[in-house]
2 protein chains.
Amino acid sequence: MESTVPEPEKGVAPPPPPPPPPKSVAERFLYDIILRVWLFASTLVSVLVMVTSKQTGLILVPPLQIPQPVDAKFTHSPALVYFVAALSVACLYSIISALASFLAMSSPRHHTKTFLHFIFMDTLILAIVVAAAGSAGGVAYIGLKGNSHTGWAKICNVYDTFCEHIAGSLGLSLLAAILLIFLIMLSSHSLYSLIS
Amino acid sequence: MESTVPEPEKGVAPPPPPPPPPKSVAERFLYDIILRVWLFASTLVSVLVMVTSKQTGLILVPPLQIPQPVDAKFTHSPALVYFVAALSVACLYSIISALASFLAMSSPRHHTKTFLHFIFMDTLILAIVVAAAGSAGGVAYIGLKGNSHTGWAKICNVYDTFCEHIAGSLGLSLLAAILLIFLIMLSSHSLYSLIS
């Protein structure tokens, strides 16, 4: 690195540091696009796994205690419905933002503002995804363990496949949240590197 | 880009650009500290309201159907325990980061790196707070409405004060999340304004 900067000689002030090479900025946008493609994949698979979680189990229906087939679907819980809606929004956003990132990589004029807007939007989507994962996780935990204090019985002993789908979907939403945090860090560090 | 860099003349390099006016940066740190004081207040009150939510209600205990006093406490739900832990972490973080912001306002050397670190840390704390609010909200919604599909009965008809405390605490955690989003936007816009 030192060999590229010439030594100041004869009292002449050193030249100002060169602007960051455009290759580096393009490289940052490339990482950005790669992360957004991963975000797209994780949110899409998360939604698909949740939507296909329907399972039919035999439940003793209270009045007569006769086993009857009862469905478990994600639409039975408002938290899981919100989860599907939020992850779908994040999935759509990943497509739009990846396109925006690709366009910004092509035009060299508006890099800084693009990074700023990415931080704003990624933060909002992160909040939506994490809130959805939290609420779905809270409800899924009751389904898994039950709650003896409130008399809420666990259901995962009957609906095993349903619960496995929910667990897989939650894991993928966690991956999506981590990718969004990395995206925010990448954009903010890109802004920072343009200053120093 | 080229027009902003003056042409070097007579072999002497141009003087470096003047640093950004410290008044504007100090003002930004002042807003930052004000937001962090609000964050401290909202997270502290949220934790206090949740911790003091204990209520005793008369419940028909199943075998004999005799009304007996039964407590409702936040420690009965893992989601609410996580909520208190997460909001306590955010409360502690608001104190430390307000002090860091105050120190950064005093020393004019490391502004850019401080803003970058604030974005990183605020994003992580935002994720923790929103996940806690989501999981507590998901569980509280079951307590409020019940779920007929899984046979989970609502409890807020018995434990009204308990549920009011949880609702108030959730509202304050939502305020804390909004404040954290504003803090991230302020820090990233400060970085951006140092470039342009």
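The spread of Cα positions in the protein assembly as shown, taken along each principal axis and listed from longest to shortest, comes to 100, 41, 28 Å.
Shortest first, in nm, what separates the label point of residue A:30 from those of the same position in the other copies (7 Å along Cα→Cβ)? For residue A:30, the other copies' label points sit at 4.6 nm, shortest first.
Using alpha carbons only, how many degrees (0 to 90, rounded to 10) separate the axis of helix A:160-195 from the longest principal axis of chain A? Result, in degrees: 20.
Taking the longest Cα principal axis of chain B as reference, the axis of helix B:22-51 is set at about 10 degrees. Taking chain B as a Gaussian network of alpha-carbon nodes connected by springs under 10 Å, the highest mean-square fluctuation of the residues B:184, B:96, B:125 belongs to B:96. For residue A:63, inter-copy separations between label points set 7 Å beyond Cα along the Cβ vector come to 2.9 nm, shortest first. Cβ distances below 4.7 Å define possible disulfide partners, and in chain B the cysteines left without one are B:91.
Relative contact order (percent) for chain B, with alpha-carbon contacts under 8 angstrom and 6 or more residues of separation?
Relative contact order of chain B: 30 percent.
What Kirkwood hydrodynamic radius, in Å, does the stretch B:34-95 give when the mean of 1/r is taken over all pairs of distinct Cα atoms and then inverted? Don't skip to the answer; put the middle values down first.
Values: mean 1/r = 0.0744 Å⁻¹.
When all Cα pairs of the stretch B:34-95 are included, the Kirkwood radius is 13.4 Å.
A label point on residue B:195, set 7 Å along the Cα-to-Cβ line, lies at 1.2 nm from each of its counterparts in the other copies, closest listed first.
Placing dummy labels 7 Å off each Cα toward the beta-carbon, the span from residue A:27 to residue A:73 is 5.1 nm. Between the stretch A:27-59 and the stretch A:83-109, the C-alpha centres lie 14 angstrom from each other. Computed from Cα positions, the angle between helix A:78-106 and the longest principal axis of chain A comes to roughly 20 degrees. Protection proxy ranking for B:76-88, B:132-144, using the average of other Cβ atoms within 10 Å per residue and placing the highest first: B:132-144, B:76-88. Taking amide H atoms as placed 1.01 Å from N in the peptide plane, the amide H of residue A:53 lies under 5 Å from those of A:74, each 5 or more residues away in sequence or on another chain. For residue A:41 and residue A:66, the difference between the fully extended length at 0.36 nm per residue and the C-alpha to C-alpha distance is 4.7 nm.
Need one value for A:144-155: mean number of C-beta atoms belonging to other chains within 10 Å of its residues' C-beta atoms. Present the calculation step by step, with values, prior to reporting the outcome.
Numbers: counts 0, 1, 2, 9, 1, 8, 13, 6, 11, 3, 1, 5.
Per residue, the number of nearby Cβ atoms from other chains is 5 on average.
Simple spin-label estimate for residue A:103 and residue B:160 gives 5.5 nm between the two label positions (7 Å along the Cα-to-Cβ direction from each Cα). Close Lys pairs in the protein assembly as shown, defined as Cα atoms under 21 Å apart and 8 or more places apart or on different chains, number 24. Along the Cα-to-Cβ line of residue B:153, 7 Å from the Cα, sits a label point; which residues in the stretch A:50-69 have backbone N less than 20 Å from it? Within reach of a label on residue B:153: A:60-66. Taking 7 Å steps out from each Cα toward its Cβ at residue A:48 and residue A:85 produces label points 2.4 nm apart.
When Rg is the radius of gyration of the Cα atoms in the stretch A:22-195 and Rh is its Kirkwood radius, what does Rg/Rh come to? Walk me through the numbers before you get to the answer.
On the way: Rg = 20.4 Å, Rh = 17.8 Å.
Rg/Rh for the stretch A:22-195 comes to 1.15.
Each Lys and Arg adds +1 at its Cβ and each Asp and Glu adds -1 at its Cβ; summed about the Cα centre, the protein assembly as shown shows a dipole of about 460 debye.
If each DSSP helix of 4+ residues adds -39,500 (n - 2.57) and the sum is divided by the residues in the protein assembly as shown, what number results at 222 nm, nearest 500 deg cm²/dmol?
Numbers: 8 runs with 260 residues, N = 392.
Calculated at 222 nm, the ellipticity per residue is -24000 deg cm²/dmol.
Coordinate-derived values only; no laboratory data. These numbers come from a predicted model, not from an experiment. Heads up, the Cβs are rebuilt from the backbone with ideal geometry, glycines too, and the neighbour counts pull from every protein chain shown.
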